[in-house]
1. Go through Leu64, Pro144, Ile174 and say which Cα lies farthest out towards the positive end of the charge dipole of the chain; charges sit on Cβ, +1 for Lys and Arg, -1 for Asp and Glu.
2. If one computes the Cα centroid of segment 38-89 and of segment 181-256, what distance in Å separates the two points?
3. State, to one decimal in nm, how far the label point of Leu64 lies from the label point of Asp157, with both points 7 Å from Cα in the Cβ direction.
4. Please give the charge dipole size of the chain, origin at the Cα centre, charges +1 on K and R Cβ atoms and -1 on D and E Cβ atoms. Round to the nearest 20 debye.
5. Above 26 angstrom, tally the Cα pairs of the chain and express them as a % of all pairs, no decimals.
6. With +1 on each Lys and Arg Cβ and -1 on each Asp and Glu Cβ, and nothing else charged, work out how big the dipole of segment 4-181 is about its Cα centre, in Debye to the nearest 20.
7. Taking the Cα centre of the chain as the origin and placing charges on Cβ (Lys, Arg +1; Asp, Glu -1), which of Val114, Gly11, Leu96 is farthest toward the positive end of the dipole?
8. Do any of Lys34/Lys97; Lys176/Lys213; Lys106/Lys155; Lys43/Lys109 go past 24 Å between their Cα atoms, and which?
Amino acid sequence: MIKKIAIIGSGVMGSGIAQSFAVSGYFVTINDIKEELLYHAQKRISENLALLIEEGALTEQEMLGALAHITYSVDLEAAVSDADFIIEAIPEVIELKVHLYEQLEKIIKPDVIVASNTSTFPISQLMEKASFADRMVITHFFNPGHLVPLVEVVKHDETKPEVVQTTLDLMRKIGKSPILLKKEIAGFIANRLQTALMREAFYLLKAGVADAKDIDTAITAGPGFRWAFTGPIEIADFGGLDTWQRVFDNVAPELDQSKEAPVLIRDLVAEGKLGTKSGEGIFTYEESTASQKLDERDRHFIKLGKLKRVKEEV
């Protein structure tokens, strides 16, 4: 039975994942290499929980319970030695991850499940030198990890079926919507779909078809509105596969076929314009504006989460 969770990495993803477990009643230890990083994680989680209270998605008593279920540690062995489920959420640098797994081999329980939140590396690469591939999975959460329901679960060829099932059950117990990939593929599912759409969006922007705001609105007020409750394959069924056959035949040859990041993104990155993190990207953000935008985003996500739960209960 899973009772104790260890999250290695206290960044935005690690803290959000930890929060999801704590709110659901699990005891969680967050580990990182510096006390300062853990302080920021604690502050971030408190702010996230406060926002949930404001939006009526959490009570103050539930918030206090969640906070009481989280401990913070810079001692890796102390954080993971008695954990039943470990999630690695450290930076996407393969050398760092491989080194961490080498450390874990010496200090974890023989039956603990180890998961990675990687969005980049195939599980076969992560487990090249590790001895616990039979109890290793990828659990790819999406930012913000405490609000977005999707978790992509990827198994290794050696992963035991009971490990996969336990992972899927655990994700559901913390309110997530896990999906299982039946084979290993670069980018998994959601990021492949996102990348295809983003590639075309930046092509349209570069070609001057519309401005950035209108291109965003084309998604949020159109497909994105439908996609919240109806996926693209079901939408094809609803619209008629004969209709979609014609759409594909007419539009697919005109779509951007680039094999690398859009030139517009590359140019902005070269100029140090990285988006909200630098104050300017496609759009320009004052510090207060960026913070406000993220706050608005999370409030929308909370409301949407409520609607999805109501739909699932009907």
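1. Ile174
2. 35 Å
3. Result: 5.4 nm between the two label points.
4. For the chain, the charge dipole is close to 480 debye.
5. 53 percent
6. For this selection, approximately 220 debye.
7. Comparing the listed Cα positions along the dipole, Val114 ranks first.
8. Lys176/Lys213; Lys43/Lys109
Every number in this text was worked out from the coordinates using simple rules, so none of it is lab data. Please read all numbers here as calculations on a predicted model, not as lab measurements. Cβ sites come from the backbone with ideal geometry, for glycine too, and all protein chains shown count toward neighbours.
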